[in-house]
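**Student:** Got a structure for you, written out below as structure tokens; questions coming shortly.
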Amino acid sequence: MKRLGAALIGASACLGGSLIHTPLAATEGGASLYISGLRGPTAGIVPPPGFYFENDFYSYSGRLSARTQTQFGGAVLSNVKVEARVNFMTPTWVTPLEIFGGNLGFAVSIPFGTPRISAGALIAAPRLGRAFGVSLRDATFNIGDPVVSSFIGWHAGNFHWQVGTSVSIPAGAYQDGELSNVALNRWVGDVYAAATWLDPKIGLDISAAAGFEINGKNKDTDYRSGNAFHADLAISQYLSKELSIGVVASHYQQVSGDGGSGASLGPYKGRVTAVGGTIGYSFNVAGTPVSARLKVLREVSVENRPQGTIALVSLAFPLGHVPAPAPPPEPKVVKH
């Protein structure tokens, strides 16, 4: 039961994690609410009612084939290299309100950081007036679009599951004409379901999640990104009540092409499959339980996207006291 209690507290690291924007390719600049492998161990667990805080630091390093073109900020580029260092701060509230027997929760994620984009060649930039053939580099610190999420979670023995939705609001510091943007500058919705089977006796966690992303139009660039399906799988083993290790895998695939007058490359579609490993550790700081997790994934199969390596460092902890689940009542002894 100690392992299960640690997992319930640490599960707050899964609540806002799918909100990361990644400057890749396909969809406009490849940016989306989904990031490969973020929904890992304990993906289906909603922690007890209370307030939580999560911080995710995301690092990505990848390169697009010189033969493949992509589009950033209204410009068509080739031989693109991406280096991104972005942080995400996510407060979460799991309410005591129950809907169909499951706890209702809310989260808000604020991203900020510096994507570094470099291109060996500029193919076209009809909106920007830039010269053909000029190599470009851009690295600008900015704040991304806020993302609001709502979810409901249930528990039944070793089985835990949740459903939720997230909406990216185009209110960040988007810079029209720049290659480096954390903000998406378009409405994006994502609906998902996640489930976890966690056996506290043997410490085995099997978690899976699937979702569908619906993209709106960037009014500044007249670019409408296509919709996409995504899925994650994670299997991890607790070696002690504090330490766990495991494997993670993910898949993202556009099911509709990009469109709009700004989509110079036509109905661009992208997909990526990534695999990797994870290690988690739980500890206490001044009596507050803290859950830390590292994930590293390598993109092994890609289409119309850079191929690279993802690293994620997550810290999650409750804000204030979170009551432990009430023990079952003692059986009454009837005296004759």
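**Student:** Provide W161, W197 in ascending order of the number of other Cβ atoms located within 10 Å of each residue's Cβ, fewest first.
**Tutor:** Neighbour counts put them in this order, fewest first: W197, W161.
**Student:** Per the Kirkwood definition applied to all pairs of different Cα atoms, how many angstroms is the hydrodynamic radius of the stretch 185-242?
**Tutor:** Over the stretch 185-242, the inverse of the mean reciprocal pair distance is 14.0 Å.
**Student:** Would you mind calculating the gained length between D176 and K201 on full extension (0.36 nm times residue separation, minus the Cα-Cα distance), in nm to one decimal?
**Tutor:** Taking D176 through K201 to full extension adds about 3.6 nm, to one decimal.
**Student:** Residue by residue, what Karplus-based ³J(HN,Hα) values in Hz, rounded to whole numbers, does the stretch 138-143 have, using 6.51, -1.76 and 1.60 with θ = phi - 60° and x for Gly and Pro?
**Tutor:** Using θ = phi - 60°, the values come out as 8, 8, 10, 6, 7, 9 Hz.
**Student:** If I stretch the segment between T114 and T309 completely, what's the gain in nm (0.36 nm per residue apart, minus their alpha carbon distance), one decimal?
**Tutor:** This chain segment gains 68.5 nm when fully extended.
**Student:** While we're looking at this one, here's another question. For T165 and K219, what does the FRET efficiency come to when R0 = 25 Å and r is the distance between their Cβ atoms, rounded to the nearest 0.05?
**Tutor:** Efficiency, from the Cβ-Cβ distance: 0.65.
**Student:** Rank the residues S207, S256 as a footprinting-exposure proxy: fewest other Cβ atoms within 10 Å of their Cβ go first.
**Tutor:** S256, S207
**Student:** Something else now. Could you please tell me the mean projected area of the C-alpha convex hull for the stretch 224-295, averaged over all directions and given in square nanometres to one decimal?
**Tutor:** Mean projected area for the stretch 224-295: 7.1 nm², to one decimal.
The numbers here are math on the coordinates, done by the rules we state, and not lab data. Nothing here was measured: the structure is a model prediction, and the numbers come from that model. So basically every Cβ, Gly included, is an ideal-geometry build from the backbone, and we count neighbours across all protein chains shown.
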